Amino acid sequence: MTDYGHELLFGAFITPLAQPAQHAVELAVAAENAGLDLASFQDHPYQPRFHDTWTLLSYVAARTQRIRISGNVHNLPLRQPAVLARSAASLDLLSGGRFEMALGAGGFWDAIAAMGGRSLSPGESIQALDEAMRIMRQLWDTEERSGARLNGKFYQVNGAKRGPAPAHKIEIWVGAYKPRILALTGRLADGWVPSLAYLPNGAPSLGRMNQLIDEAAEEAGRPATSVRRMLNIGGQFGPNDNGLLNGPPGLWAEQLAEMTFQYGTSVFILAVDDVSTIERFAKEVAPATRELVAAERSRK
C-alpha cells in the first residue's frame, strides 16, 4: 500500500462541446460554486464538435474566481511548446495563479496530420514531450538571465527571452500509460493523470505504473512524492452497491479513500456533464473521502 501524503483534490472533467456554446462554461462555474478544486477539459484541436480548449480555458478563467483550470491533457503535437509556455504564463497571471499544465504526447496521429501536425512514432513522441517540458520550464524561469536554449530533435529555442513569469509555480502533469512515458513522468513531471477507463487491468494497473514512476524519479534524484498521483474517473450514483463507483456517495467515498491508500491517488477528476452530478460529487463524495483519509492518516 502506498500513500504519498498529498492533499486530496477533487475536480470535474468536462466535455468541451461547442454546442450549446456556453454549456461547458456553465458546468465549470457550477463546479466552482459546488466547491470543487479543478475544472479540466480534453484537448482535441482536430475535433470540430469541440471548442478550442485554450480559448475555452481563457473564457472559463474570466468567469470564475477560485477554481483551478487545466487541459486534460493538451495535445502537444498541435501546440508549439514555447508559445504554449507563454500562453500558460499569461493565463496564470490573469487568473491569479489558477492554471496548471497537463500534457499528452499525442495519439490520434491521422487526425493530427490532417491538421498539419507531424505523425510521430511512440518513441519520437516521448522525446518531443521531454524537450517541450524542458523548454517550458526554462521560459517560466525568469530568475535565470541568459536566454532559453535547447537544441532538440523536435523543438528548438535559441536564446529566447524568458518570461513572463507565471503567478505561481505551474505544475506539469503528464497523461501516460506505457513504460517509457511513465519513466519520463517520474524524471520530469509534477503529476501523473491517467484515466481509469483506459487502464489495461482497471485500478490494479496503478500499482505497477506507480512503481515505474517511483523508480525513474529515484534514479533522477527525486523523491517519489515529487509526482502527484491523479486519476480521471467515471461512475454512476445509485441506491445500491453495484461495484466500483456505482452506488451511493458513501460507497464512492470509501472506494476513493481506498485508492488513496492502495495506490497513492490524491486527485480525483470526475468525467461529468451535468450540474446535479457535479454538486453531488462535490458536496457528498469529496468531504466524506477527505474525512476518511484524514482519519486514517491520523491513526497511522
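For segment 26-109, the list of trypsin sites (Lys or Arg not before Pro) that fall in a loop by DSSP and count at most 15 other C-beta atoms within 10 angstrom reads Arg49, Arg66.
With the convex hull of the Cα atoms taken as the outline of segment 119-197, the averaged projected area works out to 6.4 nm².
Per-residue Karplus couplings for segment 99-110, computed as 6.51 cos²θ - 1.76 cosθ + 1.60 with θ equal to phi - 60°, are listed in order as 9, 10, 9, 10, 10, x, 6, x, x, 8, 5, 5 Hz, Gly and Pro entered as x.
Between rounded, prolate and oblate, where does segment 132-178 land on the alpha carbon gyration tensor, with a ≥ b ≥ c its root eigenvalues, rounded for a/c under 1.5, else prolate if a/b exceeds b/c? Here segment 132-178 falls in the oblate category.
The fewest-to-most ranking of Thr277, Thr265, Thr53 by surrounding Cβ atoms within 10 Å reads Thr277, Thr53, Thr265. Restricting the calculation to Cα atoms, every distinct pair contributes to the Kirkwood radius of segment 174-214, found to be 10.0 Å. Residue-wise HN-Hα couplings along segment 150-163, as the Karplus relation 6.51 cos²θ - 1.76 cosθ + 1.60 with θ = phi - 60° gives them from phi, are 7, 9, x, 6, 10, 9, 9, 10, 10, x, 4, 5, 7, x Hz; Gly and Pro carry x. Kirkwood analysis of segment 168-296, using all unique Cα-Cα pairs, places the hydrodynamic radius at 15.4 Å.
Calculated over segment 115-159, the projected area of the Cα convex hull averaged across directions stands at 3.6 nm².
How about segment 1-33: which chymotrypsin sites (Phe, Trp or Tyr not before Pro) there lie in a loop by DSSP and see at most 11 other Cβ atoms within 10 Å? Counting only loop positions with at most 11 other Cβ atoms within 10 Å, none of the chymotrypsin sites (Phe, Trp or Tyr not before Pro) in segment 1-33 qualifies. With the cut-off at 1.5 for a/c, could you classify the chain from its C-alpha gyration tensor as rounded, prolate or oblate? Prolate shape, in that a/c is at least 1.5 and a/b is the bigger ratio.
Restricting attention to the chain, the count of lysine pairs at 8 or more positions apart or across chains with alpha carbons under 30 Å apart stands at 7. Across segment 202-213, rounded Karplus estimates of 3J(HN,Hα) from the backbone phi angles (6.51 cos²θ - 1.76 cosθ + 1.60, θ = phi - 60°) give x, 3, x, 4, 4, x, 5, 5, 4, 4, 5, 5 Hz, Gly and Pro being marked x. Scanning residues 5 or more positions from Arg68 or on other chains, those with amide H under 5 Å from its amide H are Leu38, Ala39, with H placed 1.01 Å from N in the peptide plane.
Summary value for the chain: 20 percent relative contact order, contacts being C-alpha pairs under 8 angstrom separated by 6+ residues.
Readers should treat all values here as calculations from the given coordinates under stated rules, not as data from a laboratory. Please read these numbers as outputs of a predicted model, since none were measured by experiment. In this analysis, Cβ positions are derived from the backbone assuming ideal geometry, glycine residues included, and neighbour counts consider all displayed protein chains.
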